[in-house]
Amino acid sequence: MKKTVLVVPNYTHFGPSKDINRDSFLLVFKSFIENTSKDVIYHLPYPHKNRPGIINKFEHPNVEMFDMGHLTSFAPKMRVDYPYRFFQRMLQDYEYDYIWSHLPEWTNQIAVTRIYNKTQPIYGYCHWWEIKENGARDKNSFINNIQGILQMKTCGVNSKWVKDLVLKRAKDYFNDDVISKLDTIIQPHYLGCDPYKKGKDKTPSILFNHRDDDYTGAEWFFKEITKLWDKYKNFEVLTTLKDREEPWVRYVGHSDRDIYLNNISEAYFGVGAFKNYSAWSMSVTDGLSVGVPYLLPKGLCYEEMVKSSCYLYEDREELVMLLDMFFGGRLDMKYGSFDADNIKSDVSRLQWKNVLKGWDIPWLKA
């Protein structure tokens, strides 16, 4: 008999001016179901008027979608905007074998909502943490997040590095017994990437395929690149940011994922300008899967994730120096970390079919 799983989603990219099909949670979920058994039925809620076209019952007959009503698209408020009546109705109208929560901030409320129906084990994944490393406000949902995780059997995170960071931050609020429980519940569930495929011939261009947010360092990056353009005028930046108007910028985003991956594949290398961001960037795996290596910062999760395919720089000063040397013709990045065989090796290790072997959720092992 097929198992049925209620998914608690974590949409952060939707609303009038945003395409929900590019939402990171949705892309993770899509990749997950495409690489796992179809013998499991998932009930996937979505915000009103934002039905994701990228996942539908015609492409994925084991996914059923449900309108959970209006939801604020401002992520910090979304985390406290729990649609109680919707989930109460779902828990009353359907029988579930498991609850899979991608939003720990809602998970404690889920446990309260089903107070007379406690049969389903709760498993989870946490994609984002409201901690100072991510620029969290003074008033945030971190404590709610931890309370939700304590309701779970396991909670996946994108790296051991981020697990250690979260436990460190949790010690500011919780005693040793709670920290010990969290240490058992939180487990690295690495996010995968598409299989490697050769991209286009490389051009003198660099790729910035991240969001325009503080945590990505976008403002700083484009400011520094402007200086280098004024100096060299011999390159372009491929980006997924629609609003950039510099003459040396080319927009390469697209709602069709295959077209998007083909567009970014011509970049010579990508840049991650993260400074404190406590997550593994899916935009990096996008690039790696089409043969684009990256310049990435040390001291975060990247040393754990990429073994040989990217150059890890010490700080932003070194990043600017490397870009200056490259555009000035004083640095050849065709070899070493940027070797195609090294990229293939990392991509093979990070492929969904391989990383999912390490995910501790029971319906994968049934």
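Bear in mind that the values in this text are calculations on the coordinates, not laboratory data. Please read all numbers here as calculations on a predicted model, not as lab measurements. Quick reminder, even Gly has a Cβ in these numbers, built from the backbone with ideal geometry, and neighbours come from all protein chains shown.
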In nm, the gap between the two label points placed 7 Å beyond Cα toward Cβ at Trp220 and Asp258 is 3.9 nm
For Lys57, counting only lysines whose alpha-carbon sits under 20 Å away and dropping same-chain residues fewer than eight positions off, the answer is Lys2, Lys3, Lys30, Lys38, Lys49
What are the residues whose amide H is under 5 Å from the amide H of Tyr313, where those residues sit 5 or more places off or on another chain and H is modelled from the backbone? Leu296, Lys298
Just list whichever of Lys139/Lys163; Lys139/Lys227; Lys160/Lys275; Lys233/Lys344; Lys171/Lys298 have alpha carbons separated by over 30 Å in the model shown. Lys139/Lys227; Lys233/Lys344
Expected 222 nm ellipticity per residue - DSSP helices of 4 or more, -39500 (n - 2.57), all of the chain, to 500: -10000 deg cm²/dmol
How long is the gain from Lys18 to Asp341 if the chain were fully straight, where each residue apart is worth 0.36 nm and the alpha carbon distance is subtracted? 112.6 nm
Using each residue's phi in segment 213-224, evaluate 6.51 cos²θ - 1.76 cosθ + 1.60 at θ = phi - 60° and report the 3J(HN,Hα) Karplus result to the nearest Hz, with x for Gly and Pro. 10, 4, 5, 8, x, 4, 4, 4, 4, 5, 5, 5
Identify all lysines with a Cα-Cα distance to Lys231 below 24 Å; exclude those on the same chain that are fewer than 8 residues away in sequence. Lys202, Lys223, Lys334
Where is the GNM fluctuation largest for the chain (alpha-carbon springs, 10 angstrom cutoff): Pro247, Pro297, Pro76? Pro247
What is the Rg over Rh value, at two decimals, for segment 236-366, using alpha-carbon atoms and the Kirkwood definition of Rh? 0.99
The list (1) 42; (2) 25; (3) 14 gives values of percent of Cα pairs over 40 Å apart, and only one came from this structure; which label was calculated from it? (3)
Find, among the GluC sites (Glu not before Pro) in segment 223-309, those assigned to loop by DSSP (not H, G, I, E, B) with at most 11 other beta-carbon atoms within 10 angstrom. Glu245
Picking from Tyr173, Ala111, Cys155, whose Cα lies most toward the positive end of the charge dipole for segment 83-214 (charges on Cβ: Lys, Arg +1; Asp, Glu -1)? Cys155
10 Å Cβ shell holding at most 13 others, DSSP loop, chymotrypsin sites (Phe, Trp or Tyr not before Pro): longest site-free stretch of the chain: 174-334
Taking segment 98-174, how much of its Cα-Cα pair set, in percent, is spaced more than 20 angstrom apart? 29 percent
